[in-house]
Amino acid sequence: LLDAGFEVDLLERLDEPGGMSRSHVRGGYVFDHGPHGFFSRDEWIVDEFKELVGGEAGYRWLEKWSQIHYRGHYFNYPLRMADIGSKMSPFTLLAALFSFLWARARLAITHREAANAEEYLVDQFGRVLYNEFFGPYTRKVWDVPPSELDADFTRDRVPTLNLWDVI
């Protein structure tokens, strides 16, 4: 905005600088935001980021490796069938599978556009996995109920789950 000649005031909600480019500790876990793990589907944003950090030498590409701690076990994310099959109870696994298939069938029929992060995550993963993983995790990381986050915000941060890729 400054480059375009606008006057800019920067506001920070927290009592420390960094905004979405900081880390915080909650419950003994460290959560990184923003450029710690930069991702965008919009090429112009990626180009702007590269310019802001000084070109290719200003950042490094890393293979993303994430895990979700759930009921005493670590699950790789994106979810993998080996983790789900060996660490989740058979009942929960079956419920999650049917919930996932129901959500995908409903989405294929209705073609609805999710209005918020909760709807988007339920559409992608089903209600069971949303209730077990994605809802609590989203709430914990962003400190906002998923029903109050924009669907596009989530769409840009959560890869779509392809059942065949998981299998």
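The values are calculated or read from the model by the stated rules, or taken from the named source; none is laboratory data. If you're wondering where the values come from, they're calculated on a predicted model, not measured in any experiment. Glycine gets a Cβ as well: all are built from the backbone with ideal geometry, and neighbour counts include every protein chain shown. In case anyone asks, the SASA skips ligands and DNA or RNA and just uses the protein heavy atoms, side chains included. Shrake-Rupley method; radii C 1.70, N 1.55, O 1.52, S 1.80 Å.
Per the listing Ser89, Ser99, the residue uniquely of a type in the set (S, T, N, Q) and either touching an Asp or Glu at 6+ places or on another chain (Cβ under 8 Å) or at pLDDT below 90 (or both) is Ser89. Restricting attention to region 108-119, the residues that are surrounded by 16 or more Cβ atoms within 10 Å (Cβ to Cβ) and out of contact with any Leu (no Cβ under 9 Å at 6 or more places or on another chain) add up to 1. Of all residues in region 79-102, those that are closer than 15 Å to Glu132 by Cα and open to solvent by less than 90 Å² (accessible area, probe 1.4 Å) have Cβ atoms under 8 Å from Cβ atoms of residues that are modelled with pLDDT of 90 or more and part of a helix (DSSP H, G or I), 6 or more apart or on another chain, in Thr92/Val128; Ala95/Val128; Ala96/Val128; Ser99/Arg127; Ser99/Val128; Phe100/Val128. Just to be sure before I move on: is His111 at pLDDT 90 or above, out of contact with any strand residue (DSSP E or B) (no Cβ under 9 Å at 6 or more places or on another chain) and not polar (S, T, N, Q) in the structure I sent? The answer is yes for His111. Taking the listed residues Asp47, Asp143, the one that is of a type in the set (D, E, K, R), modelled with pLDDT of 85 or more and under 30 Å from Asp3 (Cα atoms) is Asp47, with no other qualifying. Among the residues of region 1-40, those that are within 18 Å of Phe153 (Cβ to Cβ), open to solvent by 80 Å² or more (accessible area, probe 1.4 Å) and either aromatic (Phe, Trp, Tyr) or at pLDDT 75 or above (or both) comprise Arg13, Phe39.
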